[in-house]
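To start, the structure under review is shown below, and the notes come after it.
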Amino acid sequence: MKIDEIKTIVELMSNNDLTEFKIEAEECNLCIKRGGDNIPVIQHVAAPVAAAAPVAAPAVAPAAASAPTADEAVEDQNTIDSPMVGTFYGSPSPEAPAFVKVGDTVTADTVVCIVEAMKVMNEIKAEKAGTIKKILVDNATPVEYNQPLFVIG
């Protein structure tokens with residue numbers, strides 16, 4: 001956000017007796033508060049910095065604990081891996097049936113799960129043909145980038 005835009009917001013706040021103004025966008029978060037002495041306090045935080053710290057730490061820590069056992073079990077097998085860090089969901093909603101189950105045949109275009117990253121639900125496709133032999137991740141658990149999700153044969 002440019003300084004001229006911030007100055008305009010502060011001026012509008014003063015003219016309309018507003019004590020607080022807050023805007024959140026993809027690129028930045030802006031919060032302006034005016035106290036009793038009419039001196040504006042401006043807080044400008046870049047969104048990637050603010051969002052990355054709280055989201056990355058919890059998502060990495062639990063998945064790191066379970067990663068060695070999953071890697072050992074599927075080292076030499078054909079897998080479908082997570083293309084991103086996020087939360088794994090095996091079905092489109094809690095009451096809906098799973099996208100795939102053990103024994104299902106999939107093609108490259110078959111949606112096998114959803115990985116939620118920053119409140120965006122990303123459909124994950126198999127990207128290879130085969131039969132689901134094993135599901136390696138529990139529903140609603142954090143996953144890492146390139147973590148095996150399914151074993152296919």
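Being among the charged types (D, E, K, R), outside any loop (DSSP other than H, G, I, E, B) and surrounded by fewer than 13 Cβ atoms within 10 Å (Cβ to Cβ) is the filter here, so list the residues in the stretch 110-153 that pass it.
E123
Keeping to the stretch 90-121, report how many residues are hydroxyl-bearing (S, T, Y) and in contact (Cβ under 8 Å) with a residue 60 or more places away in the chain.
Residues that pass the stated criteria total 0.
Output yes when any residue across the stretch 92-109 is assigned to a helix (DSSP H, G or I), more than 30 Å from I23 (Cα to Cα), of a type outside the set (D, E, K, R) and at pLDDT below 95, and no when none is. Can you show your working first?
Narrowing the stretch 92-109 to residues assigned to a helix (DSSP H, G or I): none.
No, every residue in the stretch 92-109 fails to be assigned to a helix (DSSP H, G or I), more than 30 Å from I23 (Cα to Cα), of a type outside the set (D, E, K, R) and at pLDDT below 95.
The values are calculated or read from the model by the stated rules, or taken from the named source; none is laboratory data. The structure presented is a predicted model; accordingly, all values stated were derived computationally and were not measured. Glycine gets a Cβ as well: all are built from the backbone with ideal geometry, and neighbour counts include every protein chain shown.
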